[in-house]
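Undergrad: Have a look at this one before I ask anything.
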Number of protein chains: 2
Amino acid sequence: MTSNAALIARRNRTIGPYSPLFYTEPLQFVSASGVWLTEASGVRYLDGYNNVPHVGHTNERVVRAMHEQAATLNIHTRYLNERIVDYSEQLLATFAPKLDRVLYGNSGSEANELAIRIARQLTGATGIIVSDYSYHGTTITLAQLTTGLKTREPLGAHVRTLRIPDLDSDPRPESEVLAATLAELDAAIASLQEAGFGLSASLFDPLFSTEGMPRIPSGLVAGIVQRVRAAGGLVIADEVQSGFGRTGSHMWGHAATGMDPDLVTLGKPMGNGHPMSAVVTSEAVLDEFGSHNEFFNTFAANPVSAAVGEAVLQEMAAEQLQARAASLGAAARTRLEACAARYDFVRAAKGTGMFLGLDFAVDGAPAPELAKQVVEAMKARHVLISRIGRNESVLKVRPPLAFGAAELPLLLDALDDALSEI
Amino acid sequence: MTSNAALIARRNRTIGPYSPLFYTEPLQFVSASGVWLTEASGVRYLDGYNNVPHVGHTNERVVRAMHEQAATLNIHTRYLNERIVDYSEQLLATFAPKLDRVLYGNSGSEANELAIRIARQLTGATGIIVSDYSYHGTTITLAQLTTGLKTREPLGAHVRTLRIPDLDSDPRPESEVLAATLAELDAAIASLQEAGFGLSASLFDPLFSTEGMPRIPSGLVAGIVQRVRAAGGLVIADEVQSGFGRTGSHMWGHAATGMDPDLVTLGKPMGNGHPMSAVVTSEAVLDEFGSHNEFFNTFAANPVSAAVGEAVLQEMAAEQLQARAASLGAAARTRLEACAARYDFVRAAKGTGMFLGLDFAVDGAPAPELAKQVVEAMKARHVLISRIGRNESVLKVRPPLAFGAAELPLLLDALDDALSEI
């Protein structure tokens, strides 16, 4: 096995030194199974972070489906193939009846690009509203609306941002927070209209994951949807992080939060690591877009991706992963709330289902260094987690949904132990 | 097996009726091997069209590599993994020494997006020059510079187009064609500068595939490169169609035509159907981009994609596919030239290596209907080809590079037969 130092040197000379690595001392993994990753040294790590291997690393059902289809046929959609139709029927059955059509891509970026492209065409407007700390992908259009990480592109003139409030740290009464946020949205929409951009869409993660899983005022999501639609815009729900049963209570984040979208974008967990994504929408929207564009994506919707996507849905059903996320998530949330009660520097337990965190603050100020310390301390205990939020002060516990009852205490005990060390 | 009519009805209710299908009566394939596809009815078709399954449909080496790695580990690049470094070293070894860094994506669209994004950042300009009949992907930015198929987006104000001439149909002397084309380019660059956009890049397929494989004046590519660079722009070579040994003479189309790019984009054949793509560039360009952006692509550069890409390179070497493309391509070209000599309605044989065609014209006017007739007549003979070019009058013969000496006469005899029927 190549030493980390030697590998990093070769990595720097090929993909470059800017390709981000987790941890002060990066980890080199060589194999994985279920919710466990094995380092080059042989040490095993419990995966409390990765949502892409949704039904578990190297899941047997998914790998077998991929292998069988790849050994049989892999072709684009300009020839008929039943596999993608089978999968599409199964995928669409998980949505409300009005979301009855699907377009495929190869990444979350492609899905969000396509959703925005469709929204612009249908509305004739270009203005868009996103949260002021969010990330939706790597393309130029998406870089122009990225607010949650460093991009060289300035925010587009056609982009307005909305600050998603967090009642866990906002001292104002809930009703006041709600009114202020909706007033900010009204002003953003008016500003786009005055500038001549109009409103094409809002683009939000229904769980506001990158924002740090804020506890938002009741009625905020409904208020956003109502205002966006009244202004002629479409509602895009970015389910790249919040979808596929992650919330426990619902298959889709937008259903859990009542977002009622016109377009839903899917990515990361969809293929358990196989590059695939989708935009789910209605027949009317697809008709309008499809009839005005020759749209074709070479790789997307190939039968191998369809077989993989189908195996993910089957594995979720067979292992009841959404129900498991609900029950384990609730148990974990209870323990996290106990941590919040026990430690002064934990402001609040965050999240829902199997997307959880702890918000660190000292004297009312966000404490990103504490969060970083805990992430490294968890690594020392061979558990992978990360941190998020506008201040990077929120622990990000977002394991494969295949996370089990046996592993949960391992993660939470390690967290207790790490916190006691602070 | 589902009937075509029943499958189309289900397809229309899921992915919609706009998802394009080849042929008046579409084909439904259920399996494939090498250069042969098998229809639902059991009939086998010779694949003279598909370049994505580059080393052959369901290639054993590629499928095995994918399976082994998918059963071992599939993870993103924020942990160290040797597999992507191994592959990157092998891939970069096929480029000129100055092209020594690589960034990965999941599709040709993502690669072209990233190349343009980099070019814009490095130059501070947004102007771009493309050919007036070309296609580079599905995103908003790429739709704004699409000239070769229907998109609802108008051409961007920052986009200028260049007509790529074809000496096979242009009556003027070569030197006059060259001078006129370069003058058109000079005017395009001046226009971008006057409008305040400046020049960020030129974006061309080195073989001008979508344009119909024109026979261009000697010195045109060098003249384009010289002018683009003199105006401060970067040269992007889109190798999605022309790369990976397709020309026979060279691994890369830009090397075959002397394009000398700053950025090279790779796609379709790279993973033999597995969704993967890349931008190859220099250390200096990567340094400038990487140091100003947090750039990360979740799926890209995962070890499964790396294993697949490596298997494609290994298979190309083991089967000497580039050399085979050179020898078989030359033999095929000779037969196509004989067709051009024999039939009045064939204006010229087109292409190089294993990217070949025939240009149909009647009384000097392009004859797309004849090309369409031949494509359908070839289908009736169980051979897949297509057509391209600004008039859709050029046959597109672009088989998997695994096409063999045994299959070539089958294709060419079928073509002779189909032509004799016109």
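The values are calculated or read from the model by the stated rules, or taken from the named source; none is laboratory data. The structure presented is a predicted model; accordingly, all values stated were derived computationally and were not measured. All Cβ positions, even for glycine, are placed from backbone atoms using ideal geometry, and neighbour counts span all protein chains on display. These area figures cover heavy atoms from the full protein model, side chains too; ligands, DNA and RNA do not enter into them. Shrake-Rupley method; radii C 1.70, N 1.55, O 1.52, S 1.80 Å.
Undergrad: Counting only residues that are in a helix (DSSP H, G or I) and either touching a Leu at 6+ places or on another chain (Cβ under 6 Å) or within 29 Å of A:GLY258 (Cα to Cα) (or both), how many does region A:52-81 have?
TA: 0
Undergrad: Name the residue, out of B:THR24, B:THR2, B:THR14, that is modelled with pLDDT under 95, in contact with a helix residue (DSSP H, G or I) (Cβ under 6 Å, 6 or more places away or on another chain), closer than 28 Å to A:GLU283 by Cα and surrounded by fewer than 23 Cβ atoms within 10 Å (Cβ to Cβ).
TA: B:THR2
Condition check ((1) at negative phi; (2) in the same structural domain as B:LYS372 (by TED's automatic domain parsing); (3) not in a strand (DSSP E or B)) across all residues:
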residue	(1), (2), (3)
B:THR2	yes, no, yes
B:LEU7	yes, no, yes
B:ARG10	yes, no, yes
B:ILE15	yes, no, yes
B:SER33	yes, yes, no
B:THR38	yes, yes, no
B:TYR45	yes, yes, no
B:ASN50	yes, yes, yes
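Undergrad: Kindly indicate which of A:LEU92, A:LEU80, A:LEU122, A:LEU142 is touching a residue at least 24 places away in the same chain (Cβ under 8 Å), open to solvent by less than 10 Å² (accessible area, probe 1.4 Å) and of a type outside the set (Gly, Ala, Ser).
TA: Values: A:LEU92 fails: open to solvent by less than 10 Å² (accessible area, probe 1.4 Å); A:LEU80 fails: touching a residue at least 24 places away in the same chain (Cβ under 8 Å); A:LEU122 fails: open to solvent by less than 10 Å² (accessible area, probe 1.4 Å).
Answer to the selection: A:LEU142.
Undergrad: For region A:125-143, enumerate the residues that are more than 10 Å from chain B (Cβ to nearest Cβ) and over 16 Å from B:ASN297 (Cβ atoms).
TA: A:ALA125, A:GLY127, A:ILE128, A:ILE129, A:VAL130, A:SER131, A:ASP132, A:TYR133, A:SER134
Undergrad: On the given criteria, is B:GLY233 of a type outside the set (A, V, I, L, M), open to solvent by less than 20 Å² (accessible area, probe 1.4 Å) and out of contact with any Lys or Arg (no Cβ under 7 Å at 6 or more places or on another chain)? Walk me through it before giving the result.
TA: Values: of a type outside the set (A, V, I, L, M): yes; open to solvent by less than 20 Å² (accessible area, probe 1.4 Å): yes; out of contact with any Lys or Arg (no Cβ under 7 Å at 6 or more places or on another chain): yes.
The answer is yes for B:GLY233.
Undergrad: Considering only region A:125-146, state which residues are under 21 Å from A:GLN193 (Cβ atoms) and either assigned to a loop (DSSP other than H, G, I, E, B) or in the same structural domain as A:ARG390 (by TED's automatic domain parsing) (or both).
TA: The answer is A:ALA125, A:THR126, A:GLY127, A:ASP132, A:GLN144, A:LEU145.
Undergrad: Another question, if that's okay. Quick test of your reading of the structure: A:TYR343 fulfils all but one of (1) out of contact with any Phe, Trp or Tyr (no Cβ under 7 Å at 6 or more places or on another chain); (2) within 14 Å of chain B (Cβ to nearest Cβ); (3) farther than 24 Å from A:ARG246 by Cα. Name the failing condition by number.
TA: Going through the list (1) out of contact with any Phe, Trp or Tyr (no Cβ under 7 Å at 6 or more places or on another chain); (2) within 14 Å of chain B (Cβ to nearest Cβ); (3) farther than 24 Å from A:ARG246 by Cα, A:TYR343 breaks only (2).
Undergrad: Which ones in region B:32-57 are among the small types (Gly, Ala, Ser) and more than 24 Å from the chain's Cα centre (by Cα)?
TA: Start the filter on region B:32-57 by keeping residues that are among the small types (Gly, Ala, Ser), which leaves B:32-34, B:40-42, B:48, B:56.
Result: B:ALA40, B:SER41, B:GLY42.
Undergrad: Next question, about the same structure. Being in a loop (DSSP other than H, G, I, E, B), surrounded by fewer than 24 Cβ atoms within 10 Å (Cβ to Cβ), over 19 Å from the mean Cα position of the chain (by Cα) and away from every other protein chain (no Cβ under 14 Å), is that true of even one residue in region B:287-305?
TA: No, region B:287-305 contains no residue that is in a loop (DSSP other than H, G, I, E, B), surrounded by fewer than 24 Cβ atoms within 10 Å (Cβ to Cβ), over 19 Å from the mean Cα position of the chain (by Cα) and away from every other protein chain (no Cβ under 14 Å).
Undergrad: Can you tell which of B:GLY108, B:GLY137, B:GLY56 is crowded, with 24+ Cβ neighbours inside 10 Å, touching a Lys or Arg at 6+ places or on another chain (Cβ under 7 Å) and within 21 Å of A:HIS76 (Cβ to Cβ)?
TA: Only one candidate qualifies: B:GLY108.
Undergrad: Ok, one more. Return yes or no: is B:VAL228 more than 21 Å from B:ARG390 (Cβ to Cβ), part of a strand (DSSP E or B) and in the same structural domain as B:SER131 (by TED's automatic domain parsing)?
TA: When the stated conditions are applied, B:VAL228 does not pass them.
Undergrad: Identify all residues within region A:306-347 that are outside any helix (DSSP H, G or I) and either acidic (Asp, Glu) or over 30 Å from A:LEU370 (Cβ atoms) (or both); write none if there are none.
TA: Hits for region A:306-347 are A:GLU319, A:GLN320, A:ASP344.
Undergrad: Another question, if that's okay. Is there any pair linking a residue in region A:8-32 that is within 7 Å of chain B (Cβ to nearest Cβ) to one that is assigned to a strand (DSSP E or B) and basic (Lys, Arg), with Cβ under 6 Å and at least six apart or on different chains, and which?
TA: Once the first residue is within 7 Å of chain B (Cβ to nearest Cβ) and sits in region A:8-32, its partners that are assigned to a strand (DSSP E or B) and basic (Lys, Arg) give A:GLY16/B:ARG101.
Undergrad: Hey, another quick one. Answer with yes or no whether B:LEU103 is under 30 Å from A:ASN12 (Cα atoms) and surrounded by 17 or more Cβ atoms within 10 Å (Cβ to Cβ).
TA: So B:LEU103 fits the description; yes.
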